[in-house]
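Remarks on the structure that follows.
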Amino acid sequence: MTRRELLALARGTGLAAALLPSLRPVRVLAQARDPWGKDALTRLSVRPPDYETPVSLLDSAITPIEHFYVRCHLPVPAATGAEGWSLRIEGEVATPLSLSVSDLRALPAVTTTVTLECAGNGRAFFTPPVAGIQWKKGAVGTARWTGARLADVLRRAGVQDTGRFVHMTGADRPLGTMPPFVRHVPMDKAMHPDTVIAYEMNGQPIPPVHGAPLRAIIPGWEGAYSMKWLNRLQVSAAASDSFWVATAYRYPVKRVAPGAAVDAKDMAPLTGLVVKSLITTPLDGAAFAPGPIRVAGFAWAGETDIARVDVSTNHGETWQPARLIGAAERYTWRRFEYQFTADRPASYLILSRATDASGNVQPAVSHWNPSGYLWNEYDRVRVEVK
Ligand SMILES: Nc1nc2c(c(=O)[nH]1)N[C@H]1C(S)=C(S)[C@@H](COP(=O)(O)O)O[C@H]1N2
Ligand SMILES: [Mo]
């Protein structure tokens, strides 16, 4: 009899408790290392795996793989090896294709640095609360993605004029009553030279939990477009009627009162990410002696560049411009830095407020919406000067 069978038999009897101590060493060993190498992250769900990155681990331009957040609607597919993988391209194309990972590697390679963010990042901060994974600030990260252009693949199959959407499917299979995860991308975004089918993340083969061996990278758009475990592209004249396109990932077309129900006809698909900033240093709750305090972080706005970031250290009464560091790179978060002197002991609230190149400014209070998407109000940390 195995331990598990023994435990099953003993369940509900005093015997289970008596057996547990002898099992404990085995369990500790089994839990010593996270199965996906995400030991440093905050686990929000085990199956499917969902992990958020603590802000303290987001202080670098490129997020290391072991610190990159994970969002899975469904369990990770059992087989994610490059060997034998095939990506089918079909629908409104002249020649349906089936491409291997080597076929994709033989196409011209592009590497782009993309800030990927889940549309639900910050959901935990909405009032009234909204159902779904309660992400705080860390469902975001920036990686270098290498792959073939989606446009090159579509051209090779000969996309017909009737094709208006590319429906993407991954190899993850639904659990219970959950519908399969299918997303579509409109043809102009699909054909954009920066849209890729990636096989590498930060210079190494994409790890299983991040979509091995192939994933779409739809840069600047909310994370759910970037289909992991990509195995099918269907070119279609029609929009996808999948639950994940027709119902989920939609946002009200007009402002709604917090908590209000919104009619389906007043909801439109999410596309690009909105302007946002994140203070990565100092950390919330940090303590300092009186003197200079260096503030730094990142700002991003999806497909749009960051124009400026302002910082307030007096509850938003006055704002000072932060320095933007390095050159602007499309789809990549921009570093900002600011220094101020906290000359007397007090509690300081530090706020950051980004403005993008189209003039959009982070709001003081995020716009509530039924699914809790696109939380992007001023970032804030409180520090104590003693
Ligand atoms: N096949 C598949 N692709 C997927 C998902 C998924 O559940 N299945 N999750 C999406 C969502 S909601 C996000 S935010 C990103 C997360 O990518 P990451 O786990 O590599 O950070 O992947 C997207 N691609
Ligand atoms: Mo997401």
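Nothing in this text is a laboratory measurement; each read-out follows from the coordinates by a stated rule. Please read all numbers here as calculations on a predicted model, not as lab measurements. Quick reminder, even Gly has a Cβ in these numbers, built from the backbone with ideal geometry, and neighbours come from all protein chains shown.
You can think of it this way: the chain between Asn360 and Ile325 has 10.6 nm of extra reach, that is 0.36 nm per residue less the Cα-Cα gap. Counting only Cβ charges, +1 for Lys and Arg and -1 for Asp and Glu, the dipole size of the stretch 255-309 around its Cα centre is about 160 debye. When the trypsin sites (Lys or Arg not before Pro) in the stretch 222-323 are filtered for DSSP coil states and for at most 14 other beta-carbon atoms within 10 Å of their beta-carbon, the remaining sites are Lys254, Arg255. Spin-label pair Ile62-Ala106: with each label point 7 Å from Cα along the Cα-Cβ axis, the two points sit 2.9 nm from one another. Apply the a/c threshold of 1.5 to the C-alpha gyration tensor of the stretch 42-248 and tell me whether it is rounded, prolate or oblate. Prolate, since a/c reaches 1.5 and a/b exceeds b/c. Extents of the stretch 247-329, largest first, come to 54, 32, 22 Å (Cα atoms, principal axes, whole angstrom). Result for the chain in a Gaussian network model with C-alpha springs under 10 Å: among His210, His192, His167, the largest mean-square fluctuation is at His192. Start at zero, step by 5 Å, and the Cα-Cα distances of the stretch 203-243 spread as 6, 19, 22, 27, 16, 6, 3, 1 percent across the bins. Descending by average beta-carbon neighbour count within 10 Å, the peptides 295-303, 65-73 line up as 295-303, 65-73, the highest first.
So what is the relative contact order for the stretch 276-385, in percent, with contacts set as C-alpha pairs under 8 Å and at least six apart?
Working: 268 pairs, mean separation 39.2, N = 110.
It comes to 36 percent, rounded to a whole number.
Once the C-beta distance of Met178 and Gln204 is scaled by a Förster radius of 30 Å, the resulting FRET efficiency is 0.45 to the nearest 0.05. Between Ala246 and Lys386, the C-beta separation translates, for a Förster distance of 56 Å, into a calculated FRET efficiency of about 0.55. Measuring nothing but how far apart in sequence close Cα pairs (under 8 Å, 6+ apart) lie, relative to its length, the stretch 199-349 scores a relative contact order of 18 percent. Once both labels are positioned 7 Å from their Cα atoms along Cα-to-Cβ, the gap between Glu337 and Val46 label points is 4.4 nm. Note on Arg33 and Arg144: the extension gain reaches 37.4 nm, defined as 0.36 nm multiplied by sequence separation minus the Cα-Cα distance. Taking all Cα pairs closer than 8 Å and separated by 6 or more residues, the relative contact order of the chain comes to 16 percent.
The shape of the chain comes out oblate: with a ≥ b ≥ c from the C-alpha gyration tensor, a/c is at least 1.5 while a/b does not beat b/c. Note on Leu283 and Asn314: the model spin-label points, each 7 Å out from Cα along the C-beta direction, lie 3.0 nm apart. Which of rounded, prolate, oblate describes the stretch 318-386, given a ≥ b ≥ c as roots of the alpha-carbon gyration tensor eigenvalues and a/c under 1.5 marking rounded, otherwise prolate only if a/b is larger than b/c? Oblate.
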